[in-house]
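**Q** Below: one structure in structure tokens.
Please treat every number below as a calculation from the coordinates, not as lab data. Given the structure is predicted, the values throughout are model-derived calculations rather than measurements. Neighbour counts are summed over all protein chains in view; Cβ atoms, including those assigned to glycine, are modelled from backbone coordinates with ideal geometry.
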Amino acid sequence: MEIEYLSEDILLKKIQRSEPFSLVLGAALTAELNGKGIPGVNSVPDFVLEFIKSKNDEEVYLEYLEHIGSKTGQDKYQAAIQYVADFYNQNSVNEIIRKVVESNIDSTTGRSYIPPSVKGLAKLIEIGKVKTILTTNFDTLIEEELDDLGVKYNSVSIVSDSAILKNNNDLVNIVHLHGKWDEGDTMHTLSQLSNNRVKIESSIKNLLSKDDVYVMAYGGWEDSFTRTLADIVHDNDANYEISWCFYSADEKYLKENNKELYTKLSPARDRGRVKFFNGINCHIIFNSIDLEKAKKKVTL
């Protein structure tokens, strides 16, 4: 079946007309842009290198360089964190991630830089358009912006296998699937992400089975969300609706680089339960939504 990609204009209209929905968000939402934001996958190994240099052990430093070799991108990121976890400990990993997030804090004001993507998203949350956010991000920029707006929320960090508890309020739920930078451990390595997490995956399945879900700024690494997604699309009784948004507008590039994802979602495509959008920039899309139209739909 040929892949059809829908436009940003259709996505905007769909969001404005929808009932409150759920979001799956990845690193691009808060990623560094023009020197501001949270350092991404390509920058984190630099923080690891600085950490190792601070130990003043040339032998370890040389071993680390050999360990990294010519790796790039995601492979280099995971190898760098794995080395720290193995040679030092999880506390050292947490220390590095803390420095990564704190690099986005202005030393003069003591406040984080909040990118336009988060500011726009917070406005959607404020009008009650978003029910749940599943994010693989360690930062808490969404929560910080909501605090500034005076909007209440539920925020939870999940590292060990546990269910996403139902809240007895109508506040948005922000679930950090790989942990939070300021609350215990965080998950990075392939062994951590590939570990089955039965309870949380059951919770995600329950969520996806009921809600319209928009996936944005998400790279689709192997983790609890992608495993649950692969499982739920085979459930013919599940009434999910997935809108998967790609940043690239190049259809040829998308088809060549997302074959595994399209294979996983094939049953959903057969049922018309998944739609693909291309050319979607999370730094623009949330600020392009007509909030008055979106709000009217919420209050109908």
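**Q** Which length gain, in nm to one decimal place, applies between Tyr253 and Ile10 when the Cα-Cα distance is subtracted from 0.36 nm times their residue separation?
**A** On the way: separation 243, 0.36 × 243 = 87.48 nm, distance 2.13 nm.
Net length gain for the segment: 85.3 nm.
**Q** At 0.36 nm per residue, minus the direct Cα-Cα distance, what do Leu33 and Ser103 gain on full extension? Give it in nm, one decimal, please.
**A** Numbers: separation 70, 0.36 × 70 = 25.20 nm, distance 1.33 nm.
Contour length minus Cα-Cα distance gives 23.9 nm.
**Q** Then there is this: Check which residues have an amide H placed less than 5 Å from Lys275's amide H, if you skip close sequence neighbours.
**A** Ile242, Ser243, Trp244
**Q** Compute the Cα gyration tensor for the range 44-102, then decide on rounded, prolate or oblate, letting a ≥ b ≥ c be the square roots of its eigenvalues: rounded whenever a/c is under 1.5, prolate when a/b is larger than b/c in the other cases, and oblate in all that remain. Please list the in-between numbers first.
**A** Numbers: a/c = 1.58, a/b = 1.10, b/c = 1.43.
Oblate.
**Q** Ok, one more. Volume per residue, Å³, of the convex hull around the alpha-carbon atoms of the range 1-159?
**A** Numbers: hull volume 28.1 nm³, N = 159.
Dividing the Cα hull volume of the range 1-159 by its residues yields 177 Å³.
**Q** With only Lys, Arg, Asp and Glu charged, each at its Cβ (+1 for the first two, -1 for the last two), find how big the charge dipole of the range 27-76 is about the Cα centre; round to the nearest 20 debye. Each step should come with its number before you reach the end.
**A** On the way: 5 positive and 9 negative charges, 63 e Å.
It works out to roughly 300 debye.
**Q** Continuing with this model, one more query. Along the charge dipole of the range 44-102, Cβ charges K/R +1 and D/E -1, which of Ile68, Ile52, Val100 sits furthest on the positive end?
**A** Checking the options against the dipole of the range 44-102, the answer is Val100.
**Q** What order, most packed first, do the peptides 285-291, 19-25, 251-257, 8-14 have when packing is the mean number of other Cβ atoms within 10 Å of each residue?
**A** Details: 285-291: 17.0, 19-25: 20.7, 251-257: 12.6, 8-14: 15.4.
The peptides rank, most packed first, as 19-25, 285-291, 8-14, 251-257.
**Q** What ³J(HN,Hα) values, in whole Hz, does the Karplus curve 6.51 cos²θ - 1.76 cosθ + 1.60 give for the range 56-64 when θ = phi - 60°, with x put for Gly and Pro?
**A** Ordered by residue, 3J(HN,Hα) equals 6, 10, 4, 4, 5, 4, 5, 5, 5 Hz.
**Q** ³J(HN,Hα) across the range 138-153 via Karplus (A = 6.51, B = -1.76, C = 1.60, θ = phi - 60°), whole Hz, x for Gly/Pro?
**A** Working through the residues one at a time gives 8, 6, 10, 5, 4, 4, 5, 5, 5, 4, 5, 7, x, 9, 7, 7 Hz.
**Q** Sticking with this structure for a sec: Among His283, His234, His176, which comes first, then next, by fewest other beta-carbon atoms within 10 Å? Walk me through the intermediate numbers first.
**A** Working: His283 20, His234 11, His176 25.
Listing His283, His234, His176 from fewest to most nearby Cβ atoms yields His234, His283, His176.
**Q** Using amide H atoms built 1.01 Å from N in the peptide plane, name the residues 5+ places from Val24, or on other chains, whose amide H lies under 5 Å from its own.
**A** It is Leu134, Tyr214, Val215, Met216, by chain and number.
**Q** For Thr263, Thr30, Thr135, what's the fewest-to-most ordering of other Cβ within 10 Å of each Cβ? Before the final figure, lay out each step's value.
**A** Values: Thr263 11, Thr30 29, Thr135 24.
So the residues, fewest neighbours to most, are Thr263, Thr135, Thr30.
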